[in-house]
Amino acid sequence: MKKITFIIHGMALAFVVSLAACKKLDLVPTDKFTEANYWSSPEKAATVLNTAYSQMYNNDRFFYNEGLSDNAYAGRGDQQGVTSIASGVADASLPRFKEEWNDRYAGIKTCHIFLENVDRVPGFDETLKNRMKAEARFLRAFQYFMLYTWYGDVPLFEKDLSVTEAKTISRSPRAQVMKFVLDELDAVAPLLPTNAQYPAADRGRITKGAAVALKARVYLFENNWQEVINVTEPLINSTANGNYGLFPSYEGLFLPQNEFNQEVILDYQYVPDLKYHENFFDLAPLSVGARVNAMAPTQELVNDYLMLNGKAINETGSGYNENDPYNNRDPRLTYTVVYHGYKWKKPDGSLQTIYIKPGSDPDQTKKPDEYAPGAASSPTGYYLRKYYDPTSTVNFRSGLNLILIRYADILLMYAEAKNELNQMTQDVWNKTIRPIRNRAGFTENAALDFNAAWTQEQLQDIIRRERRSELAMEGQRIFDIRRWKTAETVLNTWAHGARYGEPTVDGGYIRANQRSFDKNKHYLWAVPRDERNLNPNLSQNDSW
C-alpha cells in the first residue's frame, strides 16, 4: 500500500510514494492518509490548495525586501540575506538564493499535486472545482513570475516531477517562462469570480481582478507600456474585472479594521492568534516595546517625500528647512516612517513622543531610541510605522494581512505607461496622480494640478517619485529600480541616515552602509550553488 510522504530537498522537492506494509494489498488503511484515500472529499482538496496559498509569500521577505533597495538598511544580522545582496558581497552559496528558489518550487509542487489529483475527488461540485483549479493555476503562475524575475532563466515544467527528472532538468528561457505566466493568467481570469462575487467567507481568495492586475505587473516589469495600458484601463474604467477604488484613508488602508477594502486586489492572508507575524518587534521604536532594530528606513527615502506645496525639498520655493525637516511634508511620510519628535499613537489612543536625536530624550538614563553607532537602536535614526497593528499583542504579534497588489499601484502603472509613450494629459493625471495625492492629504492646487509645461522627463521623475512615496515599505522598490535600470546608480553609494553623523562627512548625514551593485551581474540573482551541485544541467547567470 502506498502512503504519502512530503520530502523537501532543493528543487527536487518530491511528493514521494513509499511502500507501506499491508496484509492485504486491496485494502486501504483507515488510520492514515494514503495516496489512495486522501482525495476523498472537497475539504481535503481545499487543504492542499490552502497550503499553496500559504506558500505564495512570507512576512519576512515582504518586510525585509525593502532592505534590498535604497529605501531601507537592515543593519542587525543579515535579514533574509538583504544586507549581503545590497552590499554586493553575496555569492551563489547565500542561503537567501537557495531558500527563495526552493520555496518557490515548493509552491509550484503543491499546485501540481492539487491539479493532478483534484479530479479524483468524488461528488465535487464542478463549478467550485473549476474555480479552485483556476486559483491553483494563478498561484503557480505567480511563483513562476517571481522565479524568473529574480533568476531570469529557470526550469519550467507543468507537471509534478520525479526525483530523477528534477535532478536533470535544464533552465528554460526567461521569455518562455513569461509567456507561460501570461497564458495562464489569460486562461484563468474568465474562470475566477470578481471581488464582488465572492461571499464573505471566501474573502481573500484569488479573483479575476488579481489575475488581471498580475498580468499588468508582468508587462510593467517588461516596460511593455502599451500592454500595461491595455490591461489596466479596464480595471480603471469598468467593474467587469472587479469593483476597485482608493480607500479614503491612507493610514487606514493598513489597519486591521479595514482589511478586504476596495483598494486591495491581492494580499497575503493572516489570522490573529493562528497565523501571525511579529516583524514589528524588530522594526518599531524600542520605547514602544520593540526588542531591537533589524531594519530602518534611509534618508534617501525620507528625502523623496514632497513638501505640501508639491515641490521636492531641493526645489526653489519648496520651503524646506533642513533644521526642521519633517514639517510641511507629504503626509504619507508620517504614516510610513518614524522620525525624531514623532507622535506615536498607542493602542489606547494616547500619543508618545519618540526621541531619536542624540541627547534629546528627557530621561537620559534610558534613551532607548536615540541614535548611537552600534547600539540596538536604529542605525539610520528612523523606524518603521506603516503596517503597525494597534491591535497586536505580545511581541507585536499581528494577524494583519500584507497587501501584494492594490488599486493605487494600478493607477501608478497606468500613469507611468502613458507618460513613457508621451501620452500624459490632464485627463490621465486627474484619473491617477491627483486622486492618489488627494487621498494622501495634499490640499494645495500646486500639488494637485497638472502642469502642461512639464516635459516627459520631468513627468517621469514625478511619477517615479510618486510610486516611491505611495508604495514605500511594501516591497516594490527593489523591482522598480531593477526595471528602470537605476539600481546601478542608487545602489552604488552610501545608504544614509538622519543628520546625526559626523558633521564634516556627507553634510552630517549618517553613513549607514556602503552599497555596491554591478550592472553586469546583479540584475539577476545567482542560481543557488547547492541546486547546481544536485543538478549539473542547471547553468549559471553571468559573472556569478
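The values are calculated or read from the model by the stated rules, or taken from the named source; none is laboratory data. Just so it is clear, the structure is predicted and the values come from calculations on it, not from any experiment. Backbone-built Cβ (ideal geometry, glycine too); neighbour counts: all protein chains shown. Keep in mind that these areas ignore ligands, DNA and RNA; they rest on the heavy atoms of the full protein, side chains included. Shrake-Rupley method; radii C 1.70, N 1.55, O 1.52, S 1.80 Å.
For the stretch 69-115, give me each residue that is of a type in the set (Lys, Arg) and open to solvent by 20 Å² or more (accessible area, probe 1.4 Å). Can you show your working first?
Restricting attention to the stretch 69-115, the residues satisfying the condition of being of a type in the set (Lys, Arg) are 76, 96, 98, 104, 109.
The answer is Arg76, Lys98.
Name, by its number, the condition in (1) within 28 Å of Arg465 (Cβ to Cβ); (2) open to solvent by less than 40 Å² (accessible area, probe 1.4 Å); (3) not in a loop (DSSP other than H, G, I, E, B) that does not hold for Glu233.
Unmet for Glu233, out of (1) within 28 Å of Arg465 (Cβ to Cβ); (2) open to solvent by less than 40 Å² (accessible area, probe 1.4 Å); (3) not in a loop (DSSP other than H, G, I, E, B): (2).
Pairs under 7 Å by beta carbon, first residue in contact (Cβ under 8 Å) with a residue 40 or more places away in the chain and under 21 Å from Ile433 (Cβ atoms) in the stretch 234-261, partner part of a loop (DSSP other than H, G, I, E, B) and open to solvent by 50 Å² or more (accessible area, probe 1.4 Å), six or more apart or different chains?
Tyr244/Gln262; Gly245/Gln262; Phe247/Gln262
Among the residues of the stretch 326-359, which ones are in contact with a strand residue (DSSP E or B) (Cβ under 8 Å, 6 or more places away or on another chain), modelled with pLDDT under 95 and loosely packed, with under 14 Cβ neighbours inside 10 Å?
Across the stretch 326-359, the qualifying residue is only Lys346.
Go through the stretch 155-206 and count every residue that is closer than 20 Å to Ala134 by Cβ, in a loop (DSSP other than H, G, I, E, B) and either without any contact (Cβ under 8 Å) to a residue 12 or more places away in the chain or not aliphatic (A, V, I, L, M) (or both).
So the count comes out to 13.
Go over the candidates Asn513, Asn430 one by one and state the one that is more than 27 Å from Gln299 (Cβ to Cβ) and either modelled with pLDDT of 95 or more or assigned to a loop (DSSP other than H, G, I, E, B) (or both). Lay out the reasoning, then the answer.
Details: Asn513 fails: more than 27 Å from Gln299 (Cβ to Cβ).
One residue alone meets the criteria, Asn430.
When you scan the stretch 516-537, how many residues do you find that are outside any loop (DSSP other than H, G, I, E, B) and touching a residue at least 40 places away in the same chain (Cβ under 8 Å)? It would help to see each step written out before you state the result.
Step one: list which residues in the stretch 516-537 are outside any loop (DSSP other than H, G, I, E, B), which gives 529-534.
This time we only want the ones that are touching a residue at least 40 places away in the same chain (Cβ under 8 Å), so: 529-532, 534.
Count: 5.
Hey, Ile403 hits all of (1) part of a loop (DSSP other than H, G, I, E, B); (2) open to solvent by less than 30 Å² (accessible area, probe 1.4 Å); (3) among the aliphatic types (A, V, I, L, M) but one; which does it fall short on?
Going through (1) part of a loop (DSSP other than H, G, I, E, B); (2) open to solvent by less than 30 Å² (accessible area, probe 1.4 Å); (3) among the aliphatic types (A, V, I, L, M) one by one, Ile403 breaks only (1).
Given the condition outside any strand (DSSP E or B), open to solvent by 40 Å² or more (accessible area, probe 1.4 Å) and either at pLDDT 95 or above or under 27 Å from Asn102 (Cβ atoms) (or both), answer yes or no: does some residue in the stretch 469-483 qualify? Even if it seems obvious, please write down each step before you answer.
Initially, the stretch 469-483 is screened for residues outside any strand (DSSP E or B), giving 469-483.
Now narrow it down to the ones that are open to solvent by 40 Å² or more (accessible area, probe 1.4 Å): none.
Within the stretch 469-483 (the criterion being outside any strand (DSSP E or B), open to solvent by 40 Å² or more (accessible area, probe 1.4 Å) and either at pLDDT 95 or above or under 27 Å from Asn102 (Cβ atoms) (or both)), the answer is no, since none of the residues qualifies.
Residue under question is Ala166, and the condition is that it be more than 24 Å from the chain's Cα centre (by Cα) and buried (at least 16 other Cβ atoms within 10 Å of the Cβ); does it hold?
Values: more than 24 Å from the chain's Cα centre (by Cα): yes; buried (at least 16 other Cβ atoms within 10 Å of the Cβ): yes.
Spelling it out, Ala166 is indeed more than 24 Å from the chain's Cα centre (by Cα) and buried (at least 16 other Cβ atoms within 10 Å of the Cβ).
Among the residues of the stretch 264-301, which ones are over 20 Å from the mean Cα position of the chain (by Cα), among the hydrophobic types (A, V, I, L, M, F, W, C) and more than 30 Å from Arg203 (Cα to Cα)?
Passing the criteria: Leu286, Val288, Ala290, Val292.
Within the group Tyr57, Tyr53, Tyr64, which residue is in a loop (DSSP other than H, G, I, E, B) and not small (Gly, Ala, Ser)?
Numbers: Tyr53 fails: in a loop (DSSP other than H, G, I, E, B); Tyr64 fails: in a loop (DSSP other than H, G, I, E, B).
None of the others qualify; the one that does is Tyr57.
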